[in-house]
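Worksheet: the structure to be examined is printed underneath.
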Amino acid sequence: MNRKTLLLAILNLTLSPLFINCGATESTEGCPQLEYVGSGPIPTNFTSNQQLLSIDVIYPAYEKGEKFVFIDARPPSDYKIDHIKDAISLPFYDAERCAPSLPSNAWYVTYCACPHNESQHAAEALEKAGFKNVWVLDEGYLEWKKRGYPITPPKREIHENSTLDS
Amino acid sequence: MKRVYPLCIIFGTLMACDSPEVRRGRTHYEKMCRLCHGEDGEGYLSPRANALTNNEFLMSATDEFLRVAITEGRPKTKMSAFGSEFGGPLKNNDISDLIAFLRSYQDNLSEPLKTQWVSSENNPDLTSGKKLYKQECAKCHGELGEGDTALSLNNPTFLITASDAYLRYAIEKGRSDTLMLAYENVFTPQEITNLVAVIRGFSSAFGD
């Protein structure tokens, strides 16, 4: 092996790990199915230019059965314990991968318990994928629970079956 | 400081120099932990998300401590359970990779914490300990260890896996480059014994 070949071999070996994933498309396996919280009209009060939207705007739309998707951006271990009734589980770290499996023209509200660190990350991933109508529950999931708004399983049931409820 | 191998500098491809475990662990970290614990594990991007790559932390945290924290999370806090048996995305071998990645930031090898940090010659004085805790620790860790600007100390999962030696080490050495100072020249050994006992007592008040 001459010197030039040896140098090329070393260059190839050292740089190749940087290009392994080029062009690879991530699968959408395990991504959630679309589920709206209601079948009414699209929310009329989601008019803010800000991504963060108050619970006082979101809850009335939810209660009236307006047509949007609630996305629980927490890890599934938290969703499994309890979540907003009719919300789908899309953890913040899977939002980018799963965006292609969801319609970009639907209306979405993401939430977490941080109160909005993980949910904002998920919302940004969806927006990056071309979604136009994405908002974030500003006060977060704990405020939703504190107010006694609908969750699954219902709060009474959680008290009976789990010690993890706050 | 992250460990870097001389040959890696020569070839200029740092990524290729880590072990496969560390590389896989980094992928998990960037996907799931970075958001709260920071780009390089410096911590506190989210309140109370501690500095995971801090050398004092890594020196005193056993692999088991890290594994339980990742697998089970800290119930009733913002730290979720990431272990698959708790409904999370990470299997046991993924968690081992994540631990290998965190360990790659450690300057020195861990050694068993010295026995002098495990036991004290004197029994703890809880009354004095509570007074000192209120004066020096409550401002950041909360009156009952519920956490404030610093992480919570009252979580049962944390207290089960954190030994007395771990707690003493944290108080004595602090966490460099964070707001947690080293108190070994500030508090007497007896005062630190008292504080450890106070922290142990927080578990019973958890969730009240």
Condition first: within 15 Å of B:Leu151 (Cβ to Cβ), touching a residue at least 60 places away in the same chain (Cβ under 8 Å) and assigned to a helix (DSSP H, G or I). Now tell me which residues in the stretch B:170-198 satisfy that. B:Ala170
Name every residue in the stretch B:152-169 that is touching a Gly at 6+ places or on another chain (Cβ under 9 Å) and in a loop (DSSP other than H, G, I, E, B), in order of residue number. B:Ser152, B:Leu153, B:Asn154, B:Asn155
Among (1) assigned to a loop (DSSP other than H, G, I, E, B); (2) under 21 Å from B:Ser84 (Cβ atoms), A:Ala95 falls short only on (1)
Among the helices (runs of 4 or more DSSP H) confined wholly to the stretch B:28-86, which include 1 or more residues that are modelled with pLDDT of 95 or more, under 20 Å from B:Ala162 (Cα atoms) and within 11 Å of chain A (Cβ to nearest Cβ)? B:63-72
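Among the residues of the stretch A:119-135, how many are within 19 Å of A:Pro76 (Cα to Cα) and within 14 Å of chain B (Cβ to nearest Cβ)? Step through it out loud before you land on a result.
We begin by selecting, within the stretch A:119-135, every residue within 19 Å of A:Pro76 (Cα to Cα); these are A:119-123, A:125-126.
In the following step, the residues that additionally are within 14 Å of chain B (Cβ to nearest Cβ) were identified as A:119-123, A:125.
Final tally of qualifying residues: 6.
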Could you go through the stretch B:150-161 and let me know if any residue there is surrounded by fewer than 16 Cβ atoms within 10 Å (Cβ to Cβ), at pLDDT below 95 and under 14 Å from the mean Cα position of the chain (by Cα). yes
Check whether at least one residue in the stretch B:93-106 is within 14 Å of chain A (Cβ to nearest Cβ), at pLDDT 90 or above and surrounded by fewer than 21 Cβ atoms within 10 Å (Cβ to Cβ), and report yes or no. yes
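Counting only residues that are under 16 Å from A:Gln50 (Cβ atoms) and buried (at least 17 other Cβ atoms within 10 Å of the Cβ), how many does the stretch A:132-152 have? Walk me through how you get there before you give the answer.
Of all residues in the stretch A:132-152, those under 16 Å from A:Gln50 (Cβ atoms) come to A:132-140.
Adding the requirement that they be buried (at least 17 other Cβ atoms within 10 Å of the Cβ) leaves A:133-140.
Qualifying residue count, the stretch A:132-152: 8.
The values are calculated or read from the model by the stated rules, or taken from the named source; none is laboratory data. These numbers come from a predicted model, not from an experiment. Methodologically, a virtual Cβ is constructed for each residue, glycine included, from the backbone with ideal geometry; neighbour enumeration extends over all protein chains shown.
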